[in-house]
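These notes concern the structure reproduced below.
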Amino acid sequence: MSGTLKIVGKALPNVPWQDRPAGCTDVLWRYAENPVIPRDLIPCANSIFNSAVVPYQGEFRGVFRVDNKAREMCLHAGRSADGLNWEIEHTPIEFICDDPEVGKFVYGYDPRVCWIEDRYYVTWCNGYHGPTIGVAYTYDFQKFYQLENAFLPYNRNGVMFPRKINGKYAMLSRPSDTGHTPFGDIFYSESPDLIHWGKHRHVMSPAWGWQSTKIGAGPIPIETSEGWLMIYHGVLTSCNGFVYSVGAALLDLDEPWKVKARTRPYILSPQTLYECVGDVPNVVFPCAALVDSETGRMAMYYGGADTVTGIAFGYVQELVEFVKENALDVSILGDEVV
Ligand code: BMA
């Protein structure tokens, strides 16, 4: 490890953490008590997964994907003192919105939460004549104010950057279709006001192996002196259906659509029972990462088999080194490399 990497962000000494188990050589390792959130934590839940958490006033708060027993996809707020033991609201978030057409809740899933300047922004896959990217903000995880959808349908995996870039809000997304999309590249867009989005730029295409069918950004990108560390999911189509794994990439700080490196191997793939068996087998799907900038310790929250929520730990420094040392030769894809 170089030891000189700068991680931008606040210290988070109480980040949930377990040391790497003896004998483990992987760059990420699982929380021994996974799944941290079982599928039945609240009475209405069929499953709780693909959810986003953030530090909040010395504690933690989150927006959780709860598929209920009618199999409706809902978003619920939650709180935790330690990031491990969660209390999730029994009823879904009721977004406050000036425009009833936009505010009409059809479905919502795969939330991300991003602190920018003075509030927490929530993005999610929002039903509006097909999936698109819903945007809202909250100060307290009690009242959530919904803004315009960011893009036209069909789009998923809208992930904001934690600061303005060149004076503009910035978001990654993954244009898709109305079904179980068999394709998908990551794109970058920017906005002066969180209403109007433009300057769309291509970031990354699927490659081969674990990321050969489609890819989508995961947690809020982590700013480092080596670039934005973007953790993302990649999908392989097997004879038995989709397999969702996790990889990482380094994006240029000022022009994040320029990929500096991305991993050839995955950094996490479905291997445990709770990742391989559930409502959708063989899925690990990360939506959040808590980082202590002082030590580089990271706790990544991910959905397992579309059923439960797990945590994997790692060091940001090691992950950045891993991306550089295990980089895919993207020039073969025709993608631009910097
Ligand atoms: C994607 C999304 C995710 C889900 C994954 C696997 O299209 O719907 O929420 O985890 O499929 O089913």
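Details
Quick grid of which residues meet (1) within 17 Å of the chain's Cα centre (by Cα); (2) surrounded by fewer than 18 Cβ atoms within 10 Å (Cβ to Cβ):
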| site | (1), (2) |
| --- | --- |
| R39 | no, no |
| P43 | no, yes |
| K69 | no, yes |
| A77 | yes, no |
| S80 | no, no |
| K104 | no, yes |
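- Meets criteria (out of contact with any Pro (no Cβ under 9 Å at 6 or more places or on another chain), charged (D, E, K, R) and within 16 Å of the ligand (Cβ to nearest atom)) for D26: no
- Scanning region 230-247 for residues that are surrounded by fewer than 24 Cβ atoms within 10 Å (Cβ to Cβ) and more than 16 Å from the ligand (Cβ to nearest atom) gives a single hit, C239.
- Residues in region 10-64 that are small (G, A, S) and within 16 Å of P219 (Cβ to Cβ): S51, A52, G62.
- As for region 155-168, it holds no residue that is exposed (fewer than 14 other Cβ atoms within 10 Å of the Cβ), in contact (Cβ under 8 Å) with a residue 40 or more places away in the chain and under 25 Å from Y266 (Cβ atoms).
- Filtered residue count, region 108-137, keeping only those that are closer than 27 Å to L290 by Cβ and either of a type in the set (F, W, Y) or not in a strand (DSSP E or B) (or both): 8
- Odd one out for K10, checked against (1) touching a residue at least 60 places away in the same chain (Cβ under 8 Å); (2) crowded, with 20+ Cβ neighbours inside 10 Å: (2)
- If you filter region 180-193 down to residues that are crowded, with 17+ Cβ neighbours inside 10 Å and not charged (D, E, K, R), you find that the one that is nearest to the chain's Cα centre (by Cα) is I186.
- Pick from region 296-314, criterion part of a strand (DSSP E or B) and over 14 Å from the mean Cα position of the chain (by Cα), ranking: farthest from the ligand (Cβ to nearest atom): R297
- Candidates L273, L268, L319, L250, filtered to the one that is aliphatic (A, V, I, L, M), without any contact (Cβ under 8 Å) to a residue 24 or more places away in the chain and either within 16 Å of the ligand (Cβ to nearest atom) or under 24 Å from V53 (Cα atoms) (or both): L273
Values quoted throughout were computed directly from the atomic coordinates according to the rules given, and no laboratory measurement underlies them. Just so you know, these numbers come straight off a predicted model, no measurement behind them. Every residue, glycine among them, receives a Cβ derived from its backbone with ideal geometry; neighbour counts consider all protein chains shown.
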